[in-house]
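We did not get these values from a lab; they are worked out from the coordinates using the rules stated. This is a predicted model, so every value here is computed, not measured. In this analysis, Cβ positions are derived from the backbone assuming ideal geometry, glycine residues included, and neighbour counts consider all displayed protein chains.
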Amino acid sequence: MHKGKGMKFVGDSRISAEKKPNIPKDYSEYPGRTEAFWPNFLLKEWLVGAVFLVGFLCLTLAHPAPLEGMADPGDAAYIPLPDWYFLFLYELLKYNFASGPYIIMGILVLPGLAFGALLLAPFLDKGPGRRPQQRPVAVGMMMLGLASVIWLTYESASAVDWEARAEENKPVAEADVEIDEEDPGFAIYENSCMQCHGDDLSGGAAAPSLIGTEHTADEIADIAQNGIGDMPPDQFSGSDEELEQLVDFIVSVNEEAE
């Protein structure tokens with residue numbers, strides 16, 4: 001304590017008068033902790049994550065995911081399936097307590113409780129060690145969640161005829177043909193067929209592709225007038241000359257595709 005003119009100055013020994021540089025602590029006495037978390041360790045994690053992200057983006061650009069078969073809203077027998085990593089949630093919705101009037105349980109409550117419990121596991125089990133036997137609560141919850149996901153995924157996958165689904169959902173090949181829009185048959189196709197068969201003859205949800213058809217010219221003409229399968233008759237109402245131009249246009253596109 002120092003005395004001045006009517007004032008008293010009190011010094012605190014806990015505060016250093018000299019400014020020291022921000023030097024990370026020496027963690028050598030703590031096994032497994034040899035550097036500061038911020039910014040040393042976290043910066044390394046960010047760099048590794050950035051390299052992985054850039055590599056993943058390059059892979060998606062170089063090899064885009066293939067498209068599956070066109071969706072057919074008229075196919076009542078088709079059963080949509082999620083990707084394999086969501087099959088366990090799909091299987092959960094088959095149980096009575098998680099479907100029907102209890103669908104909220106299956107889509108929100110049960111998954112929310114499960115993932116919430118895993119997030120809280122480190123806080124519920126604050127054991128000092130890292131060995132599994134020293135963290136019984138966290139390890140037990142993780143093993144229960146892992147076993148549930150594996151079992152539900154297995155049950156869902158075993159009930160699916162994967163060979164039949166693979167045959168139905170073959171990737172759609174892109175049409176490697178150029179459509180001659182100056183062809184007189186294209187205008188007729190545009191008015192009579194494009195709505196169902198697409199602007200490039202590749203088909204759609206309501207009609208198959210006309211590229212690669214095995215029908216002859218006479219058969220194509222007959223189908224345009226009388227229909228086939230799910231295609232009703234009288235879809236074409238033009239003259240005989242226009243029908244001939246339409247058939248010639250479809251045949252020429254198929255010859256180019258070959």
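Ranked for footprinting exposure by Cβ neighbours inside 10 Å, fewest first, MET141, MET231 give MET231, MET141. Shown for LEU42, LEU93: other C-beta atoms within 10 Å of each C-beta, ranked fewest to most, produce the order LEU42, LEU93. Note on MET105, MET143, MET194: ascending count of other Cβ atoms within 10 Å places them as MET143, MET194, MET105, the fewest first.
Given R₀ = 51 Å, FRET efficiency for ALA62-ASP240 by Cβ-Cβ distance, to 0.05? My answer for the efficiency is 0.50.
For VAL139, neighbours were defined as the other residues whose beta-carbon sits under 15 Å from its Cβ, and their charges (Lys and Arg +1, Asp and Glu -1) total +3. Compared with the alpha-carbon gap, the fully stretched path from VAL160 to ILE103 is longer by 18.3 nm at 0.36 nm per residue.
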